[in-house]
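The structure under discussion appears below in the form of structure tokens.
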Amino acid sequence: MKTYRKFVMAVFGGFLCGNVSLTGCGSDSASEPDDVSPIPGETSSMSADLSSGDSANSSPVESGTSQGSGVQSSAQGSQNPNSSSVQMPNSVSSSAHSQQTVPSSSSKKTETVSSDEILNNPNNVVNGSCQPKNSVIARDSMATWEFLRSQGDVFDQILAPYIWTFSDGKTLQGNGLNTVNVTYKTSGTVTAKLSVDGNEVECSPLQVQGDPIVISSCKASTTSAKAGDVVTWTVEATSESPITGYAWTSTTEGAEVNGTGATASATATSAMHKKNLEVSVAVTNEDKTTETFACERVSVTDPNQVDVVIAHTNVDSTKVFPGSQTIVAQYPSNAVNCQMVCNTDGNGVKLIIDEEEFTIDYSLNISPKNCTAGSAAGTKITVQASMNVYCYVTY
């Protein structure tokens, strides 16, 4: 195997890329030193993907491993890399030309079939991850599954044995078979596993869509909430195939979404202060189509937390109401009346105070509805601004 590996490196680096100018030659050429760090997601130029194939009868394994197999036969014929059988550039170059697949403008991907060759012994050197090239496809179309190398070099990858196993029980195998094409005629979520060089890898799933689902909206009951408030969302989805389920999730830490139908709810918490409560819903129909939709976001504040103490006739940068953020502002302890003077650096600046909206053109006098004149000291207000706004109480 060491002799074979040296031979492959010599032939691929010295001949194919230097003399033959194969389109597969590139950063993964045989001239790559062994100490070059592996590149996650880099696929071999000996891929079994038939997208460059010129004949529908050519198996992806044959096109993906034929050069390696041809060289292996020569190497087996002479274990001495300095023998005359190795020093035959014309014959190797001719062989490489005859095995090179020439893409055409009309070529299309074809399904991968397993190789008839005997699998090489695994060395447990090559490892990585696997996934469908596109995570969602339509029924009766072809998916490309690919291996993304993170351990081992490109030569290890070319020689490594691959065994792909799919959730319907189908298997595909071959040496260097790092990419395969599979057609799916049934909708639903499908999975795959890969044994590469003796290492077991779980592939990320593929969603095969059947009858389409159209989601027009997923509206929240409010745009902002305080800690302790319950927020509800309602999704509008239609399909020719009956809707069979709704799966609600949230990416907001600590959020628990409750709902199995078209409506779900979650409770805002103090830990979500100055954050958005974000919820998504995955809608499924009887034809096993799944569509995921991001619902309207809800900004959360905790009235018991104070972000800004409003300035008293003196404005500085620490007293600004920051743009694109919901905060809790508090009147200073010596405030008497509720009126504030709010200044901005432009026209049409939106300021929402306790769900009441104001438009500021450089400057505006504002009296929040939830503030009581004569006892403004310590009053807390919820504020959201479209851009930075400087406010101070007049007295």
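Summary table
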quantity: Elements of type strands (runs of 3 or more DSSP E) contained in segment 299-354, each with 3 or more residues being touching a strand residue (DSSP E or B) at 6+ places or on another chain (Cβ under 6 Å) and in contact (Cβ under 8 Å) with a residue 40 or more places away in the chain; calculated: 325-330, 340-343
quantity: Test set (1) closer than 13 Å to residue 114 by Cα; (2) in contact with a Leu (Cβ under 7 Å, 6 or more places away or on another chain) - residue 179 fails condition number; calculated: (2)
quantity: Residue check for residue 283: among the aliphatic types (A, V, I, L, M) and touching a His at 6+ places or on another chain (Cβ under 8 Å); calculated: no
quantity: Subset tally (residues that are touching a residue at least 40 places away in the same chain (Cβ under 8 Å) and not in a loop (DSSP other than H, G, I, E, B)) for segment 266-279; calculated: 4
quantity: Wholly within segment 91-174, strands (runs of 3 or more DSSP E) carrying at least 3 residues that are touching a strand residue (DSSP E or B) at 6+ places or on another chain (Cβ under 8 Å), farther than 30 Å from residue 292 by Cβ and modelled with pLDDT of 95 or more; calculated: 161-166
quantity: Hey, residue 306 of a type in the set (Val, Ile, Thr), closer than 22 Å to residue 269 by Cα and surrounded by fewer than 17 Cβ atoms within 10 Å (Cβ to Cβ) or not; calculated: yes
quantity: Subset of segment 251-265 (residues that are touching a residue at least 24 places away in the same chain (Cβ under 8 Å), out of contact with any Gly (no Cβ under 9 Å at 6 or more places or on another chain) and under 17 Å from residue 227 (Cα atoms)); calculated: 252, 255
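The values are calculated or read from the model by the stated rules, or taken from the named source; none is laboratory data. Bear in mind the structure is a predicted one, so any value in this text is a computation, not a measurement. Reconstructed Cβ throughout: ideal geometry from the backbone, glycine too, with neighbour counts over all protein chains shown.
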